[in-house]
Amino acid sequence: MLKVDEINVYYGNIQALKGVSLEINQGEIVTLIGANGAGKSTLLKAISGLLKPKQGEIMYLNQSIAGKPAQTIVKQGISHVPEGRRVFANMTVEENLELGAFLRNDKDGIRQDFEKVYELFPRLLERRKQLSGTLSGGEQQMLAMGRALMARPRLLLLDEPSMGLSPLLVKTIFRIIEEINETGTTILLVEQNANMALSIADRAYVIETGRVVLSGTADELNASDQVRMAYLGGH
Ligand SMILES: Nc1ncnc2c1ncn2[C@@H]1O[C@H](COP(=O)(O)OP(=O)(O)O)[C@@H](O)[C@H]1O
Ligand SMILES: [Mg+2]
């Protein structure tokens, strides 16, 4: 479905991604593991069109998307839930969800997707008239995910969805990620919580200072000493 081929991404003179390659097959949950500053968010931004790779190629459903405008990429079926949620605080839950569908004009489909999102996140239905800035962190994460789903993505990019949430909410969010995947959405998940991420992922990539240093099935990486020592608490 997605093939990232040897991309280099820079911030000014600083090279944040150094020849990164990765593949995602339709239907998979793929997770990206790495320390703070490794380049995980940069990779998601390059895929969703927020950053343009200087070299390399990104193919999505056999079409090049590298350097295309973010709006075009959303239309083609890739939605990005950025780190830190970024919901519009002064708009209601419902208005934020509507915004997620702003590139669509299939009214019936949009109505169906509202129902799906409210089914997935009953909390959002209860709070649909509430200003988003007044939601808890977990509810804002749900809203950010719901908003991305309103674009009806085939590939969903999630950047640290569990950050700052209580253990109970982390479990809820991970369960919902699995549910979204089961309904046919392919997922690229960035997580600091490598244990949880590997528990739901099919495959994983480990990224260190802008390079992929290891990849394999989730089971393989779970069993790797290198991964256990560096990312799974060394057990
Ligand atoms: N807007 C920016 N300007 C300059 N450097 C940046 C910017 N964003 C990220 N970086 C740098 O790029 C590298 C990768 O960052 P990032 O992709 O955010 O890492 P991660 O998401 O894995 O924590 C880091 O060294 C970071 O300091
Ligand atoms: Mg990040």
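Each value in this text was obtained by applying a stated rule to the coordinates, not by laboratory testing. Only a predicted model underlies this, so the values are computations on that prediction, with no experimental measurement involved. Virtual Cβ from ideal backbone geometry, glycine too; neighbours counted across all protein chains shown.
Sort the range 88-151 into rounded, prolate or oblate with this rule: let a ≥ b ≥ c be the square roots of the eigenvalues of the Cα gyration tensor; rounded if a/c is under 1.5, and if a/c is not under 1.5, prolate when a/b is larger than b/c, oblate otherwise.
prolate
Helix 167-182 versus the longest principal axis of the chain: what angle, 0 to 90°, nearest 10, using Cα atoms?
Once rounded, the angle reads 90 degrees.
Per residue of the range 212-225, in order, report the coupling 6.51 cos²θ - 1.76 cosθ + 1.60 (Karplus, θ = phi - 60°) as ³J(HN,Hα) in whole Hz, putting x for Gly and Pro.
7, 9, 7, 8, x, 6, 4, 5, 4, 6, 4, 8, 7, 4
If I model a spin label as a point 7 Å beyond the Cα along the Cα-Cβ vector, how far apart are those points for Met229 and Glu126 in nm?
For the pair Met229/Glu126, the computed spacing is 4.7 nm.
Relative to the Cα centre, what is the charge dipole magnitude of the range 88-151, using +1 at the beta carbon of each Lys and Arg, -1 at the beta carbon of each Asp and Glu, and rounding to the nearest 20 debye?
80 debye
Which lysines have a Cα less than 17 Å from the Cα of Lys52, not counting those fewer than 8 places away in the same chain?
Lys3, Lys18, Lys40, Lys68
By a straight-distance test (C-alpha under 26 Å), which lysines pair with Lys107 as possible cross-link partners, with residues fewer than eight away in the same chain excluded?
Lys75, Lys116, Lys129
For Thr183, Thr134, what's the fewest-to-most ordering of other Cβ within 10 Å of each Cβ?
Taking fewest neighbouring Cβ atoms as first place, the list is Thr183, Thr134.
Could you check the simple spin-label distance between Thr209 and Gln76, using points 7 Å along Cα→Cβ, in nm with one decimal?
Taking the two extended label points, one gets 3.3 nm.
Under 19 Å from a point placed 7 Å out from the Cα of Ser64 along the Cα-to-Cβ direction: which residues of the range 29-57 have their backbone N that close?
Within reach of a label on Ser64: 46-57.
Rounded to whole Å, give me the distance from the Cα center of the range 1-52 to that of the range 176-224.
Cα centres, the range 1-52 to the range 176-224: 14 Å.
For q = 0.17 Å⁻¹, what log10 I(q)/I(0) does the chain give under the Debye formula with an equal point scatterer on each alpha carbon and no solvent?
Rounded to two decimals, the profile gives -1.28.
Percent antiparallel among DSSP beta bridges with both residues in the chain, to the nearest 5?
Restricted to the chain, the bridges split so that about 55 percent are antiparallel.
Once you sort the root eigenvalues of the Cα gyration tensor of the range 106-185 as a ≥ b ≥ c, which label holds: rounded (a/c under 1.5), prolate (a/b larger than b/c) or oblate (the other case)?
The shape class here is oblate.
Would you mind computing, in nm to one decimal, how far apart the modelled labels at Leu99 and Asp5 are, each placed 7 Å from Cα along Cα→Cβ?
Calculated label separation equals 3.6 nm.
Treat the range 1-90 as a sphere of radius equal to its Kirkwood radius over Cα pairs and apply Stokes-Einstein at 37 °C in a medium of 0.692 mPa s; give the translational diffusion coefficient in µm²/s, rounded to a whole number.
D = 239 µm²/s.
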